[in-house]
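Throughout, read-outs are computed from the coordinates displayed, never taken from laboratory work. Predicted model only: the values in this text are computed from it and were never measured. In this analysis, Cβ positions are derived from the backbone assuming ideal geometry, glycine residues included, and neighbour counts consider all displayed protein chains.
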Amino acid sequence: MAKKRSGIVIPPGESSTIDVAFSSGVAQGPNANVNKKVLVYSNDSTAQVTQLRIKAVMNCETPILVASPMIANFDTILVGSKPSKIIKLKNINATQSTLVVIEKPSPEMATTEIGNTILKPGEFTQIKFSLSGMIEPGLFYTSLTLETANKPGSSRISIPLKAFIRDKTAQDGNKLGQ
């Protein structure tokens, strides 16, 4: 709750300025609405309290990227298979984003193909993840990390890849302890 200030006297017929500051850190995403109110108390018997409503639309300049789905989950696959998954990446901000790969999976394990690396506001691109078939049985986990060239370090996204690689002989339960 804001601190109530008192003791400021404005003589009849005079005016004053009320400075209002708020942090945009509460804004969630681009074009987020922020609503605040200021209460002005008066000794005027007809209007003892005046409420000033302040509304702002925060337009974040940092390009923000959203992946859908958020993870490339291959579930359970057989060793040697080479499945692919496609993730959509959207620029949800009001500025253009140029994608730069920061970290990618080892090419011996998985490959990534990014469609368009320049995204205008609201545009999508597709990222194709393909497993190599050279992955040993067990849990496989890696990720692709991208950021925007416009503002390095300010807008990063990591997209995890996950798979459980099953040995071919595990189909009949021999390797799974059944």
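Label sites at V101 and I10, each approximated as a point 7 angstrom past Cα along Cα to Cβ, lie 6.1 nm apart. Full extension of the chain segment joining Q126 with A149 gains 6.5 nm, where the gain is 0.36 nm per residue of separation less the Cα-Cα distance. Between T111 and V49, full extension at 0.36 nm per residue minus the direct alpha carbon distance yields a gain of 15.9 nm.
Rounded to whole numbers, the Karplus 3J(HN,Hα) couplings from phi for segment 85-91 are 9, 10, 10, 9, 10, 10, 8 Hz, using 6.51 cos²θ - 1.76 cosθ + 1.60 with θ = phi - 60°, and x at Gly and Pro.
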